[in-house]
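Written below as structure tokens is the structure these notes are about.
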Amino acid sequence: MPRRDREPQAPRESAEALFDKLPPNSMQAEAAVLGAMAADHRSIGDVLEIIDSHEMFFKNANAAIFQQIVKQFEANEPTDAVTLHERLRDAGMLEQIGGLDYLLKIIEAAPTAINAVSYATIVRDKAMLRRGIEAASLALHDLYHSDGRAASDVIDGFEND
């Protein structure tokens, strides 16, 4: 039961209101980093030092495009619009990502490949925030569903995860 003898605090959003929000993401940064990678093969290595997994992308289509770019990069193949289109089509993934129109939109999203590291940093930071939200959500769930376990055991579980 909450203590009622504390001084009033500034009102906070309820947990329900927080969970009704879209998780942190930047569609613009996701599109821009993919566009930069497609525009300049040399930027891919720099991006891979920051974004180490397709799971860092919020939008599934962007994650799939990232995976394809990395696959082509590792095979020492070009990663331009034509080769990406062909490989995604051959893999049966072109429609899954939104078709040629979406692919072209992504490729045109980066005004320059020079800023690829900045775009990648934004994507990574948003992914880190989503991971933090996920961890906090799991912690809240464990706290609310402690099932009679000692509070110290529940809290220790967070530190071990």
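Would you check if there is a residue in the range 109-118 being under 24 Å from Glu49 (Cα atoms), in contact with a His (Cβ under 7 Å, 6 or more places away or on another chain) and in contact (Cβ under 8 Å) with a residue 12 or more places away in the chain? Spell out how you get there, then give the answer.
First, the residues of the range 109-118 that are under 24 Å from Glu49 (Cα atoms): 109-118.
Going one step further and asking which of them are in contact with a His (Cβ under 7 Å, 6 or more places away or on another chain), we end up with none.
Within the range 109-118, none of the residues are under 24 Å from Glu49 (Cα atoms), in contact with a His (Cβ under 7 Å, 6 or more places away or on another chain) and in contact (Cβ under 8 Å) with a residue 12 or more places away in the chain.
Applying the selection to the range 107-132, what residues are open to solvent by 70 Å² or more (accessible area, probe 1.4 Å), charged (D, E, K, R) and in a helix (DSSP H, G or I)?
If the condition is that a residue be open to solvent by 70 Å² or more (accessible area, probe 1.4 Å), charged (D, E, K, R) and in a helix (DSSP H, G or I), then Arg124, Arg131 are the ones that fit.
Can Met56 be described as modelled with pLDDT under 95, closer than 30 Å to Leu143 by Cβ and aliphatic (A, V, I, L, M)?
No: the conditions fail for Met56.
If the Cβ limit is 7 Å and pairs must be 6+ apart or interchain, which residue in the range 25-37 that is in contact (Cβ under 8 Å) with a residue 24 or more places away in the chain pairs with which residue that is of a type in the set (Phe, Trp, Tyr) and in a helix (DSSP H, G or I)?
Going by the 7 Å Cβ cut-off, the qualifying pairs are Ala29/Tyr119; Ala32/Tyr119; Val33/Tyr119; Leu34/Phe66; Ala36/Tyr119.
What residue, among those in the range 106-127 that are over 20 Å from Met56 (Cα atoms) and of a type outside the set (Ser, Thr, Tyr), is modelled with the lowest pLDDT? Full working, then the answer.
Let us first name the residues in the range 106-127 that are over 20 Å from Met56 (Cα atoms), namely 108, 111-112, 114.
When the remaining residues are screened for being of a type outside the set (Ser, Thr, Tyr), the result is 108, 111, 114.
Values: Glu108: 88, Pro111: 82, Ile114: 93.
So the residue we want is Pro111.
For Leu104, are the conditions met, namely being within 27 Å of Leu22 (Cβ to Cβ), in a helix (DSSP H, G or I) and open to solvent by 30 Å² or more (accessible area, probe 1.4 Å)?
Numbers: within 27 Å of Leu22 (Cβ to Cβ): yes; in a helix (DSSP H, G or I): yes; open to solvent by 30 Å² or more (accessible area, probe 1.4 Å): yes.
Judged against the criteria, Leu104 is a match.
Of everything in the range 21-52, what is open to solvent by 10 Å² or more (accessible area, probe 1.4 Å) and under 15 Å from Arg130 (Cα atoms)? Give them in sequence order.
Across the range 21-52, the qualifying residues are Lys21, Leu22, Pro23, Pro24, Asn25, Ser26, Met27.
Do you know which residues across the range 141-153 are assigned to a helix (DSSP H, G or I) and either in contact with a helix residue (DSSP H, G or I) (Cβ under 7 Å, 6 or more places away or on another chain) or open to solvent by 80 Å² or more (accessible area, probe 1.4 Å) (or both)? Walk me through it before giving the result.
If we filter the range 141-153 for residues that are assigned to a helix (DSSP H, G or I), which is where we start, we get 141-144, 151-153.
Once the filter is applied, which keeps residues that are assigned to a helix (DSSP H, G or I) and either in contact with a helix residue (DSSP H, G or I) (Cβ under 7 Å, 6 or more places away or on another chain) or open to solvent by 80 Å² or more (accessible area, probe 1.4 Å) (or both), the range 141-153 yields His141, Asp142, Leu143, Tyr144, Asp153.
What number of residues within the range 74-101 satisfy the criterion of being surrounded by 14 or more Cβ atoms within 10 Å (Cβ to Cβ) and small (Gly, Ala, Ser)?
Residues in the range 74-101 being surrounded by 14 or more Cβ atoms within 10 Å (Cβ to Cβ) and small (Gly, Ala, Ser): 3 in total.
When the range 53-73 is examined, which residues are found to be open to solvent by 20 Å² or more (accessible area, probe 1.4 Å), assigned to a helix (DSSP H, G or I) and over 16 Å from His41 (Cα atoms)?
Passing the criteria: His54, Glu55, Asn60.
Yes/no matrix, rows are residues, columns are (1) farther than 14 Å from Ala38 by Cα; (2) touching a residue at least 12 places away in the same chain (Cβ under 8 Å); (3) within 18 Å of the chain's Cα centre (by Cα):
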{"site": "Asn62", "(1), (2), (3)": "no, yes, yes"}
{"site": "Gln68", "(1), (2), (3)": "no, yes, yes"}
{"site": "Lys71", "(1), (2), (3)": "no, yes, no"}
{"site": "Ala75", "(1), (2), (3)": "yes, no, no"}
{"site": "Asp80", "(1), (2), (3)": "no, yes, no"}
{"site": "Asp101", "(1), (2), (3)": "yes, no, no"}
{"site": "Arg124", "(1), (2), (3)": "yes, yes, yes"}
{"site": "Asp142", "(1), (2), (3)": "yes, yes, no"}
{"site": "Arg149", "(1), (2), (3)": "yes, no, no"}
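The values are calculated or read from the model by the stated rules, or taken from the named source; none is laboratory data. This structure is a prediction, so every number in the text was calculated from the model and none was measured. Reconstructed Cβ throughout: ideal geometry from the backbone, glycine too, with neighbour counts over all protein chains shown. For accessibility, only protein heavy atoms count, side chains too; no ligands or nucleic acids. Shrake-Rupley method; radii C 1.70, N 1.55, O 1.52, S 1.80 Å.
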